[in-house]
Each structure stands twice: as C-alpha cells, then as structure tokens.
1. With the requirement that a residue be within 14 Å of residue A:101 (Cα to Cα) and open to solvent by 30 Å² or more (accessible area, probe 1.4 Å), what does the range B:14-36 give you?
2. Contact list please: Cβ distance under 9 Å, first residue in the range B:52-70 and at positive phi, second residue open to solvent by 40 Å² or more (accessible area, probe 1.4 Å), pairs at least six apart or on different chains.
3. Can you confirm whether the range A:33-40 contains a residue that is exposed (fewer than 15 other Cβ atoms within 10 Å of the Cβ), closer than 23 Å to residue B:32 by Cα and modelled with pLDDT of 95 or more?
4. So, of the residues in the range A:41-56 that are on the phi < 0 side of the Ramachandran plot and away from every other protein chain (no Cβ under 14 Å), which turns out to be most open to solvent (accessible area, probe 1.4 Å)?
5. Taking the condition of a type in the set (S, T, N, Q) and open to solvent by 20 Å² or more (accessible area, probe 1.4 Å), does residue A:20 pass?
6. Just the residues that are open to solvent by 10 Å² or more (accessible area, probe 1.4 Å) and either more than 10 Å from chain A (Cβ to nearest Cβ) or not charged (D, E, K, R) (or both), please, taken from the range B:90-104.
7. So if I check each of A:73, A:108, A:87, which one is facing chain B (nearest Cβ under 10 Å) and in a strand (DSSP E or B)?
8. List the number of the failed condition for residue A:78; all other conditions in (1) surrounded by 15 or more Cβ atoms within 10 Å (Cβ to Cβ); (2) more than 29 Å from residue B:46 (Cα to Cα); (3) within 14 Å of chain B (Cβ to nearest Cβ) hold.
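The values are calculated or read from the model by the stated rules, or taken from the named source; none is laboratory data. Computed from a predicted structure; not experimentally measured. Here the Cβ positions follow ideal geometry from the backbone for every residue, glycine too, while neighbour counts run over all protein chains shown. When the accessible area is computed, the model is the full protein with side chains, heavy atoms only, and any ligands, DNA or RNA have been set aside. Shrake-Rupley method; radii C 1.70, N 1.55, O 1.52, S 1.80 Å.
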Amino acid sequence: EDQVTQSPEALRLQEGESSSLNCSYTVSGLRGLFWYRQDPGKGPEFLFTLYSAGEEKEKERLKATLTKKESFLHITAPKPEDSATYLCAVQAVGGGSNYKLTFGKGTLLTVNP
Amino acid sequence: SAVISQKPSRDICQRGTSLTIQCQVDSQVTMMFWYRQQPGQSLTLIATANQGSEATYESGFVIDKFPISRPNLTFSTLTVSNMSPEDSSIYLCSVVQHEQFFGPGTRLTVL
C-alpha cells in the first residue's frame, strides 16, 4: 500500500528564516511526486511535479527536490504570505486509477512578520 | 490550468438526508475525480468519473453511498447519501490537464 508521511506536522518560522519540509514515501513504483499548497477554506493549489530522483524544481522562494525515498520542499527567506498547509502526494505506476494521488497529512507552515 | 467551481461551497445537513455536490469545469476534460478531506486526515480519493461510463470507486467507498454522475465532459455530481456525522468533511473534485487541479471544495457538516 502506498504511504506518504510528512514532517513536521506544523512549523512556525520568522520572516526570512529559511527551512525545509519533508515528505517520505513508500510506493511500489513512482510515477510522480506532487507538492500542493492549501490555504484555509480553499482547494489545493498545484506547485510542482517531480518524476525521478535527483530532479529539482523552483518557483519563487520554493524549491522541491526528490530522492528515491523522500522529497524536500525548501523555503528560502519566507514571507508571511507563504503561510499555508503544504501537501505532498505520490502517484504510483499501475493500479486501478492511473491518476490516483495518495496524499500525506500536510505540514502547516506559519510565517510570522 | 482548468478553472473548477463547486456548488454548494458549504452546507449543514441533518443525518439521514442526502446532498448532491456539483462540479463544473471551464473546459472539456476526460477524467474527473472526487476526493474527501476529513478533519486531520489526508485527502482520499473516493472515485474516478469518466464521461460515458460508470464511476470507478476506491476501496472503502461504494456506489450506494456516493453515487456519481458524469453527463458531459465539463460537469459531474457527487451525492452523499443517508448521511451521518462521520460524513462531515470537505469534498473536492479534481481534473487532469497535464497536472491534477482541484476545485475549491464543499464543506459538509452533518448534525
């Protein structure tokens, strides 16, 4: 069974204090690993897809990296508007639904001014 | 990316009743999905809805409880039937257009 574990559950940073969020996964075969941002009362907003170990993607202050067992979302010099829940999900090769995403519980990030 | 809307955005219902949630997309998509996000839990796929065929349900979800319609390539409905407080959750539809995008969700509270 595919599993995704995110840590920490919650992270509080000061504005400008860089840090990383972790996503550990177990999957029979990885088709893709996804990062989403979710603001309160809204649906998840797509950030990145990573497909193979060693791949990196960047968007503004965010950089996602992937190894064979985990992914990191690095946040550089965060701002209060980066406060949100960050969700990690994996898509496995094969299975009943080719597009099924298995999600972790998320990391609630709070950036204080 | 696709623009997805859901109705209602939230509702409070009595146990034993049913609620139908609508999902509208601004462009034609082949596959639509329904997810559930229970408090403190991960987003979980309920079913995949393809136009012109029966929905495919994930383990733990059944058609009698969560009937789905997919009448065309831009619209789908999910009904939560015979509701109990355990059905209180956020229900989200999603579509694939290169990536998987999500609607704003429907927050359901069952009393």
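1. Applying the first criterion (within 14 Å of residue A:101 (Cα to Cα)) to the range B:14-36 yields B:31-36.
B:31, B:36 - these are the residues of the range B:14-36 that are within 14 Å of residue A:101 (Cα to Cα) and open to solvent by 30 Å² or more (accessible area, probe 1.4 Å).
2. B:60/B:44
3. Yes, some residue in the range A:33-40 is exposed (fewer than 15 other Cβ atoms within 10 Å of the Cβ), closer than 23 Å to residue B:32 by Cα and modelled with pLDDT of 95 or more.
4. A:56
5. Details: of a type in the set (S, T, N, Q): yes; open to solvent by 20 Å² or more (accessible area, probe 1.4 Å): yes.
It is true that residue A:20 is of a type in the set (S, T, N, Q) and open to solvent by 20 Å² or more (accessible area, probe 1.4 Å).
6. Looking only at the range B:90-104, we keep the residues that are open to solvent by 10 Å² or more (accessible area, probe 1.4 Å), and these are B:90, B:96-99, B:101-102, B:104.
Listed by number, the residues that qualify are B:90, B:96, B:97, B:98, B:101, B:102, B:104.
7. Values: A:73 fails: facing chain B (nearest Cβ under 10 Å); A:108 fails: facing chain B (nearest Cβ under 10 Å).
Of A:73, A:108, A:87, the one residue that is facing chain B (nearest Cβ under 10 Å) and in a strand (DSSP E or B) is A:87.
8. (3)
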